[in-house]
Structures are given as structure tokens and as C-alpha cells.
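Just below is one structure, and these are the notes that go with it.
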Amino acid sequence: MWVMRADRVTVKEASPERVMTAIREALSAGKGEIWIEHVQGPILAIAIGGNRAMVMCMAEVGDAGYHAIDAGASLVSSEEYLLTNGQVDRYADRDTVEVGHVMPIVTHFLATLDRWPGVTWNDDNTT
């Protein structure tokens, strides 16, 4: 069972199809903040900013977890990420991935409760 927070809307018992629809809408808009949480604890958080996305995967609330990285990208931010609380964040492109990776990351997470191996993940518990 999934709980999804998409911008200011919380959907309890969200189906994978509903989650994917919210992801597609955010990608189409070029912005959005989505949290996907399984009752067993794993959480995937996504902030979309134009052509890039900050993606974090945590084992449970309070876990530093992992974030998807693009090791060959710039240490400078090329995008702004508007969060649900109105805060605007900037992340180095290296600490984000191209939005084309978001759908496979989410699809894999929904099926396995784990990180997609198609991108590199930085262990934030060690930094």
C-alpha cells in the first residue's frame, strides 16, 4: 500500500497507476514535489526542476538514505526546484539526474521497494 504526497495533496492507498499519473503530470509541468511512501517504510522523494530532478530514496522516515547523482554533470545548478512549502532550492546538477530517468526510477521502486540500478546513487548516510 502506498501513500503519495504530490505538492499539497495526500493520497492514502494510492495505486501505482495513480502514482505514475502524478509523476507524468509533474514531468509535463516541469516542476513538482512528490513523496511516495510504502507502509513497510521505504520512501522515494522527487523534486522536479525543469530538465533535472532531485531523487532521494530512504529506508524510513529519518534515514539520510541515498540520492541519485549524475557524476559527469556540473557542480553548478542549472535549475530551480520549487518545493511544496514555497521554498526554492538549487542543487548542483551533479546531485540530480535528467528527468528522463524519473519514470524508470519510480517504476522500479514501485515494483521492488528499492533503488533503480540504471543511475548512480550517493550514500548520504556516509557524507
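Structure summary
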| quantity | calculated |
| --- | --- |
| Exclusive hit being surrounded by fewer than 20 Cβ atoms within 10 Å (Cβ to Cβ) and among the small types (Gly, Ala, Ser), set 68, 92 | 92 |
| Yes/no for residue 27 being touching a strand residue (DSSP E or B) at 6+ places or on another chain (Cβ under 7 Å), over 19 Å from residue 117 (Cα atoms) and in contact (Cβ under 8 Å) with a residue 40 or more places away in the chain | yes |
| Subset of the range 70-80 [out of contact with any Phe, Trp or Tyr (no Cβ under 7 Å at 6 or more places or on another chain) and under 21 Å from residue 27 (Cα atoms)] | 70, 73, 78, 79, 80 |
| Residues of the range 74-88 satisfying the condition of being surrounded by 10 or more Cβ atoms within 10 Å (Cβ to Cβ) and not hydroxyl-bearing (Ser, Thr, Tyr) | 79, 80, 82, 83 |
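Every residue, every condition in (1) among the hydroxyl-bearing types (Ser, Thr, Tyr); (2) not in a loop (DSSP other than H, G, I, E, B), yes or no:
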site	(1), (2)
24	no, yes
27	no, yes
44	no, yes
62	no, no
91	yes, no
103	no, yes
106	no, yes
115	no, no
121	no, yes
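Yes/no per residue for (1) assigned to a strand (DSSP E or B); (2) of a type in the set (Val, Ile, Thr); (3) closer than 22 Å to residue 125 by Cα:
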position	(1), (2), (3)
3	yes, yes, no
12	yes, no, no
35	yes, no, yes
41	no, no, yes
67	yes, no, yes
77	no, no, no
84	no, yes, no
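We did not get these values from a lab; they are worked out from the coordinates using the rules stated. Just so it is clear, the structure is predicted and the values come from calculations on it, not from any experiment. Note that each Cβ is placed from the backbone with ideal geometry, even for glycine, and that neighbours are counted across all protein chains shown.
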